[in-house]
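These notes are about the structure you will find just below.
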Amino acid sequence: MSSTEPLDLLVLGATGYTAYICTEHITKTFPSTLSWGIAGRSMKSLEELSQRLKAINPDRIQPQLVVLDLKGGDLIRIVRQTRVIINGVGP
């Protein structure tokens with residue numbers, strides 16, 4: 001897991017279809033000061049998603065990118081640092 005600051009909200013599995021819809025909604029409608037992050041297995045995919053979200057709302061604070069290994073202890077550590085987690089992890 002990459003190091004993270006405490007977050008208000010984190011979207012797990014952010015690069016999947018359903019979670020992407022959530023991130024798009026967050027980008028368009030949530031307060032621009034929201035401390036948030038997107039999490040997944042691939043930094044490259046997270047960076048690409050972050051760029052797409054930036055194009056939607058360039059004034060928003062960009063999400064923190066979090067690479068997680070869900071089989072290790074990463075999930076426990078990130079849960080302790082996050083107020084709300086949206087689980088978009090799927091098959």
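The values are calculated or read from the model by the stated rules, or taken from the named source; none is laboratory data. Predicted model only: the values in this text are computed from it and were never measured. Virtual Cβ from ideal backbone geometry, glycine too; neighbours counted across all protein chains shown.
The figures follow:
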quantity: So LEU12, is it surrounded by 12 or more Cβ atoms within 10 Å (Cβ to Cβ), of a type in the set (A, V, I, L, M) and touching a Lys or Arg at 6+ places or on another chain (Cβ under 8 Å); calculated: no
quantity: Failed item, numbered, when ILE78 is tested on (1) buried (at least 16 other Cβ atoms within 10 Å of the Cβ); (2) modelled with pLDDT of 95 or more; (3) out of contact with any Cys (no Cβ under 6 Å at 6 or more places or on another chain); calculated: (2)
quantity: Residues (closer than 26 Å to LYS71 by Cβ and more than 9 Å from the chain's Cα centre (by Cα)) located in segment 22-49; calculated: CYS22, ARG41, SER42, MET43, LYS44, SER45, GLU47, GLU48, LEU49
quantity: Subset of segment 45-74 (residues that are farther than 23 Å from LYS28 by Cα and surrounded by fewer than 16 Cβ atoms within 10 Å (Cβ to Cβ)); calculated: VAL67, ASP69, LEU70, LYS71, GLY72, GLY73
quantity: Meets criteria (basic (Lys, Arg), within 17 Å of GLY88 (Cα to Cα) and surrounded by 11 or more Cβ atoms within 10 Å (Cβ to Cβ)) for ARG41; calculated: yes
